[in-house]
Amino acid sequence: MSINSEIIVNSFIKTARIKMLDAYLIRRGDKVSGEIFLKLNNLKGFSRIYTYKKDNIIKCWQVYSLDAWEENKIIDKKIEKAMNIDEDIWVIELEDKKGICPEF
């Protein structure tokens with residue numbers, strides 16, 4: 001049994017805010033089993049995408065696309081493509097000038 005996606009998303013956003021980082025819910029997905037995506041924005045016009053792996057306790061956030069910074073418009077297109085494939089996904093955006101990986 002795994003934790004509901006909604007609980008994971010809400011916990012992530014609260015933890016980010018405790019650490020004085022801006023995190024926003026961009027898209028609400030299926031409460032129980034929706035896949036979770038994270039857009040890590042460095043506020044310099046570039047982002048990275050991560051996906052949450054419920055079955056990996058040690059490293060739950062894994063790179064979804066390239067392990068490199070890409071322009072925001074490219075990342076947004078990748079997220080849009082994922083939304084077209086699966087309507088149940090969650091999307092969180094984390095703004096961090098340092099671009100620190102989402103593993104808190």
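The values are calculated or read from the model by the stated rules, or taken from the named source; none is laboratory data. All of these numbers come straight from a predicted model, not from anything done at the bench. Neighbour counts run over all protein chains shown; Cβ positions are idealised from the backbone, glycine included.
Remarks
- Of the listed requirements (1) exposed (fewer than 15 other Cβ atoms within 10 Å of the Cβ); (2) touching a residue at least 40 places away in the same chain (Cβ under 8 Å); (3) not small (Gly, Ala, Ser); (4) not in a loop (DSSP other than H, G, I, E, B), TYR50 misses just one: (1).
- Count - residues of segment 13-23 that are modelled with pLDDT of 95 or more and either within 11 Å of the chain's Cα centre (by Cα) or assigned to a loop (DSSP other than H, G, I, E, B) (or both): 2
- Number of positions in segment 56-93 that are assigned to a strand (DSSP E or B) and modelled with pLDDT of 95 or more: 6
- Residue match in segment 51-62 (condition: of a type in the set (D, E, K, R) and farther than 15 Å from GLU6 by Cα): yes
- Search result, residues across segment 5-42 that are under 25 Å from GLU70 (Cβ atoms), among the basic types (Lys, Arg) and out of contact with any Lys or Arg (no Cβ under 8 Å at 6 or more places or on another chain): LYS19, ARG27, ARG28
- Residue-level check: of (1) surrounded by 11 or more Cβ atoms within 10 Å (Cβ to Cβ); (2) closer than 19 Å to CYS101 by Cα, MET83 misses just (2).
- The conditions of being closer than 20 Å to GLU6 by Cα and either out of contact with any Cys (no Cβ under 8 Å at 6 or more places or on another chain) or not aliphatic (A, V, I, L, M) (or both) are not met by SER65.
- For segment 40-58, a tally of residues being closer than 16 Å to VAL9 by Cα and basic (Lys, Arg) returns 2.
- When segment 1-31 is filtered for residues that are out of contact with any strand residue (DSSP E or B) (no Cβ under 6 Å at 6 or more places or on another chain), charged (D, E, K, R) and surrounded by 13 or more Cβ atoms within 10 Å (Cβ to Cβ), the ones remaining, listed by number, are GLU6, ARG28, ASP30, LYS31.
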